[in-house]
Amino acid sequence: DVVLTNKLYVWNDTNQWMQNDFWWEAQDGSRVMAVIPPGHFIGFVDPDHMDTYWKAFSDKDTVGETIYTYGWGDGGGGVDPEMIECAMRYQNFPGLVRSQFSHPEDTLLRIAELAQHEDLPVWRDELYLETHRGTYTSKGWLKKHNRQSEVMLQQVEAIAAFAWLNGQEYPEAKLDHAWKILLNTQFHDALPGTHITEVYHYLLDEYEALYGIARVVRAQAGPAIFGKHGDNLLIFNPSPQPRTGVVSFPANAMVEMDAPALPYQTVTNLNGTKSVLLHMVDAPLPSMGYTVLPLSASPEVSEETAVFVSENLLENAYLRAEFDPNGELISLWDKEAQREVIAENQRGNRFQLYEDRPGRYDAWDIVASYVEHELILSDTATLTVDEQGPLRASLRLVRAFYNSTITQRISLSAESRALTFETEVDWHERQRLLKVGFPVNINAHTATYDMAYGTIERATHRNTDHDRARFEVPAHWWMDVSEHDYGVALLNDSKYGHEANHEWMRLTLLKGSISPDPEADLGTHYFTYALYPHVGDWRDGKVIGAATALNVPLYVRKTALPPQTHTFITCDADNVSIEAVKRSEDGKRLIIRLVERYNQRTHTMLRFHKPITRVSMCDLMENEEAVLAHDGNTVEITLKPCEIATLALE
């Protein structure tokens, strides 16, 4: 395999990329050949450009061949007749390197073949682009829809697959269309938020179409596995981790019932919708399965697990949080670990607003000098008691600044280690950047960040030029700093711009660019983040499970099924996540995709709700590679560190 980009060579703003051909090695040790041509993707066919290009090529004496990208590119129409005429004349021109026309794929495969015989360098790290850091944040609503769409499609695809195993027709065409809509929204300059106003509204319509398809698929598949509608409450947990303690779900199913006696609390979200908080008293919600509850009384929350609130205090069995009148966190005391979470003489949940004028690429970039232009936020804030339990207690913060207003519900739930900040921002700032930070009492030289199918560690200091260039970095659901026996994670439900600098953990919340869209991000935004202190490092502290609980909603419906607990798939290893459940593309098998998340060799057992007749290991394209042994409805598998494994079952 060969991958190609030229962004790092041309666009890095701090460190010039020097190596054009190398092996890129992933976390699991697998490698791909990487090619970074020594020039811009807009290339002119003239002697000066070609000569400069070739002289800059790092592998003249080893690989001896590279690809020359010519044409206007970037929406400019490709090559023109003059370029083609010049390219024909310069193929064997005296004093210039020899060149020839070639299909890009042929060239890359030829380069890969030449590289097999050379001792090329290996790069075992991210290929961090030292520019365009604003793309992690621009157009916040698109980031939120992207996160929700990814999670929702995984959920409905699994429900459809389980219904297919029960004899229902699999909605292949609908799911295929929905996934293609999502992939289309992730296109260059779409999801990054670097587009004109019209594109933004087109993308919002695309997400609505995707949600519509997903809801139809789920509704049609539901009766086959969740039973007919009735008077009991069914709660489906689509995530691979069980849910314990207080769980939250949309209120629609409960509102239709007549005063259920279950220990629950109905709350109104900042966006106006209602949710139900339910205490799972007797047992947790199973992973990849459901619980059916009767409308009968259950034990109330005990004093040991209750939550308490006053005008500046939240407390439960694990945490005690104290705030100043601006909603900033003065203290977060971990009662179990007997230690303070917030750094001495500092305050958490601190909002910081900066002038953000990166120049030509307004929506694309955040430049390092933004920290020199912090704007002072006023103290026009109110902090009041919002909810008093019994399952969740909260404070309500309203804070106005310049042209905008932040409203937060800061809450603690019973039996939870997450201090949660449900946030609404009425945003009307132009060329300004909003961040929120938590200075934590942790001694860590690196921070761990969540990424697709894995994690990555980055420095928490700015010692080198490469460290200094990473002042804004991407991550998905969480970031974490940990000592050997204790750590703190910052979770989020829709934000991708992160920073860990010495004791500070920060999320970038909103960016008010004016080009290419002068209306970018104006209006009301809703998002949630949570501070999650834990005993042990991020593995021991089950950070992935906490982030999953924040990001993966439960599906609730009424059912005629009797009270019961049912699991479709269980995995006995906490470090192995189930990332996909679907019908195979050939329509004959059930596909399960597993990922080892802790970087450890793992032997695990999977148990399915139906007997297995055959199980095989496949590649990502579902091509069979090896037949595995099984016993009834169980299969055992050994995973290498960070391995992505695809199983096909009949």
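The values are calculated or read from the model by the stated rules, or taken from the named source; none is laboratory data. Everything quoted here is computed from the prediction, not taken from an experiment. Backbone-built Cβ (ideal geometry, glycine too); neighbour counts: all protein chains shown. Just so you know, the surface numbers come from the protein's heavy atoms only, side chains and all, with ligands and any DNA or RNA stripped out. Shrake-Rupley method; radii C 1.70, N 1.55, O 1.52, S 1.80 Å.
A few notes on this one:
- Filter result (open to solvent by 40 Å² or more (accessible area, probe 1.4 Å), assigned to a loop (DSSP other than H, G, I, E, B) and of a type in the set (Phe, Trp, Tyr)) within region 515-539: none
- Every pair of residues 6+ apart whose Cβ atoms lie under 6 Å, when the first sits in region 386-410 and is free of Cβ contacts under 8 Å to residues at least 24 places away in the same chain while the second is open to solvent by 10 Å² or more (accessible area, probe 1.4 Å) and among the acidic types (Asp, Glu): Arg396/Asp386; Thr405/Asp426
Every residue, every condition in (1) at pLDDT 90 or above; (2) buried (at least 16 other Cβ atoms within 10 Å of the Cβ); (3) of a type in the set (Phe, Trp, Tyr), yes or no:
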residue: Ala219; (1), (2), (3): yes, no, no
residue: His229; (1), (2), (3): yes, no, no
residue: Val255; (1), (2), (3): no, no, no
residue: Asn271; (1), (2), (3): yes, no, no
residue: Thr291; (1), (2), (3): yes, yes, no
residue: Pro294; (1), (2), (3): no, no, no
residue: Glu303; (1), (2), (3): no, no, no
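- Matching residues in region 567-582 - criterion: being closer than 20 Å to Gly29 by Cβ and surrounded by fewer than 18 Cβ atoms within 10 Å (Cβ to Cβ): Asn575, Glu579
- In region 494-506, the residues that are assigned to a strand (DSSP E or B) and either over 22 Å from Gly140 (Cβ atoms) or modelled with pLDDT under 95 (or both): Asn501
- Selection within region 560-607 - among the polar types (S, T, N, Q) and touching a Pro at 6+ places or on another chain (Cβ under 9 Å): Thr565, Thr567, Thr570, Ser577, Asn599, Gln600, Thr602
- Subset tally (residues that are in a loop (DSSP other than H, G, I, E, B) and either surrounded by 18 or more Cβ atoms within 10 Å (Cβ to Cβ) or β-branched (Val, Ile, Thr) (or both)) for region 5-26: 5
- Pairs linking a residue in region 7-26 that is without any contact (Cβ under 8 Å) to a residue 40 or more places away in the chain to a residue that is aromatic (Phe, Trp, Tyr) and assigned to a loop (DSSP other than H, G, I, E, B), with Cβ atoms under 8 Å and 6 or more positions apart or on different chains, are Tyr9/Trp17; Val10/Phe41.
- Residue that is nearest to Leu191 (Cα to Cα), among those in region 432-490 that are in contact with a Gly (Cβ under 8 Å, 6 or more places away or on another chain) and among the charged types (D, E, K, R): Glu472
- Of all residues in region 359-387 being closer than 18 Å to His498 by Cα and not charged (D, E, K, R), the one that is most open to solvent (accessible area, probe 1.4 Å): Val371
- Screening the candidates Leu491, Leu434 for the property of being in a strand (DSSP E or B) and either farther than 20 Å from Arg133 by Cβ or among the aromatic types (Phe, Trp, Tyr) (or both) yields one hit, Leu491.
- The set of residues from region 583-631 being among the acidic types (Asp, Glu), more than 22 Å from Val156 (Cβ to Cβ), in contact (Cβ under 8 Å) with a residue 24 or more places away in the chain and open to solvent by 80 Å² or more (accessible area, probe 1.4 Å) comprises just one member, Glu624.
- Considering residues of region 446-478 that are of a type in the set (Ser, Thr, Tyr) and within 16 Å of the chain's Cα centre (by Cα) only, the residue most open to solvent (accessible area, probe 1.4 Å): Tyr453
- Check on Glu415, among the charged types (D, E, K, R) and modelled with pLDDT under 95: yes
- Within region 560-577, residues that are among the small types (Gly, Ala, Ser) reach partners that are open to solvent by less than 70 Å² (accessible area, probe 1.4 Å) and part of a strand (DSSP E or B) with beta carbons closer than 6 Å, at six or more positions or on different chains, in the pairs Ala573/Thr602; Ala573/Thr604; Ser577/Val595.
- Residues satisfying the stated conditions in region 341-381, i.e. in a strand (DSSP E or B) and closer than 30 Å to Glu322 by Cβ: Ile342, Gly348, Arg350, Phe351, Gln352, Leu353, Tyr354, Glu374, Leu375, Ala381
- Counted residues, region 187-209 - those being touching a residue at least 12 places away in the same chain (Cβ under 8 Å) and either open to solvent by 80 Å² or more (accessible area, probe 1.4 Å) or not hydrophobic (A, V, I, L, M, F, W, C) (or both): 9
- Residue, least open to solvent (accessible area, probe 1.4 Å), within region 312-340, restricted to residues that are more than 28 Å from His428 (Cα to Cα), part of a loop (DSSP other than H, G, I, E, B) and not charged (D, E, K, R): Asn316
- Checking each residue in region 484-514 for being open to solvent by 20 Å² or more (accessible area, probe 1.4 Å) and under 20 Å from His428 (Cα atoms) picks out only Ile514.
- Flag if Leu433 is buried (at least 21 other Cβ atoms within 10 Å of the Cβ) and within 23 Å of the chain's Cα centre (by Cα): yes
- Selection within region 551-566: residues that are open to solvent by 50 Å² or more (accessible area, probe 1.4 Å) and either within 24 Å of the chain's Cα centre (by Cα) or among the hydrophobic types (A, V, I, L, M, F, W, C) (or both). The member of this set that is farthest from Ile225 (Cα to Cα) is Pro553.
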